[in-house]
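The values are calculated or read from the model by the stated rules, or taken from the named source; none is laboratory data. It should be emphasised that the depicted structure is a prediction, and the values quoted were computed from it without experimental measurement. Please note: Cβ atoms are built from the backbone with ideal geometry, for glycine as well, and neighbour counts cover all protein chains shown.
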């Protein structure tokens with residue numbers, strides 16, 4: 001009987017170790033995701049400075065469409081809800097447009113982001 005209890009305890013410990021390993025992997029992926037998002041925002045800031053310096057209009061609807069279509073293809077290829085992916089990219093694009101507006105407006109007496 002003691003052997004069964006020891007086996008159950010060992011199995012619970014192995015399950016907990018597996019869960020902790022998976023959570024650590026998820027934490028690593030989250031850190032990479034946030035780093036990639038930060039890099040994306042940094043590139044968008046560079047794009048905004050370019051647009052300001054060259055008089056390019058901030059809003060580029062065609063470009064937003066290209067990005068949204070790529071995200072939709074990713075969702076379809078990876079079994080993700082396309083509505084989720086659209087909402088995620090709407091948030092990302094909305095924030096980068098806000099930052100671009102701040103940077104572009106800074107060239108016209110506003111404050112820079």
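Which members of the range 87-113 meet the condition of being farther than 21 Å from residue 39 by Cβ, in contact with a helix residue (DSSP H, G or I) (Cβ under 8 Å, 6 or more places away or on another chain) and either at pLDDT 95 or above or part of a loop (DSSP other than H, G, I, E, B) (or both)? Of everything in the range 87-113, those that are farther than 21 Å from residue 39 by Cβ, in contact with a helix residue (DSSP H, G or I) (Cβ under 8 Å, 6 or more places away or on another chain) and either at pLDDT 95 or above or part of a loop (DSSP other than H, G, I, E, B) (or both) turn out to be 107, 110, 111. Checked against (1) at pLDDT 95 or above; (2) surrounded by 14 or more Cβ atoms within 10 Å (Cβ to Cβ); (3) outside any loop (DSSP other than H, G, I, E, B); (4) more than 12 Å from the chain's Cα centre (by Cα), residue 80 meets all criteria but (3). Considering each residue of the range 24-36 in turn, none proves to be in contact with a helix residue (DSSP H, G or I) (Cβ under 9 Å, 6 or more places away or on another chain), without any contact (Cβ under 8 Å) to a residue 60 or more places away in the chain and surrounded by 10 or more Cβ atoms within 10 Å (Cβ to Cβ). Considering (1) assigned to a loop (DSSP other than H, G, I, E, B); (2) more than 20 Å from residue 37 (Cβ to Cβ), the lone condition that residue 50 does not fulfil carries the number (1). Residue 56 meets the conditions (1) part of a helix (DSSP H, G or I); (2) at pLDDT below 95; (3) closer than 21 Å to residue 103 by Cβ in every case but one. The failed one is (1). If you check residue 45 against the conditions, is it in contact (Cβ under 8 Å) with a residue 60 or more places away in the chain, assigned to a helix (DSSP H, G or I) and surrounded by 10 or more Cβ atoms within 10 Å (Cβ to Cβ)? It is true that residue 45 is in contact (Cβ under 8 Å) with a residue 60 or more places away in the chain, assigned to a helix (DSSP H, G or I) and surrounded by 10 or more Cβ atoms within 10 Å (Cβ to Cβ). Which of the residues belonging to the range 60-77 are more than 20 Å from the chain's Cα centre (by Cα) and surrounded by 12 or more Cβ atoms within 10 Å (Cβ to Cβ)? Across the range 60-77, the qualifying residue is only 60.
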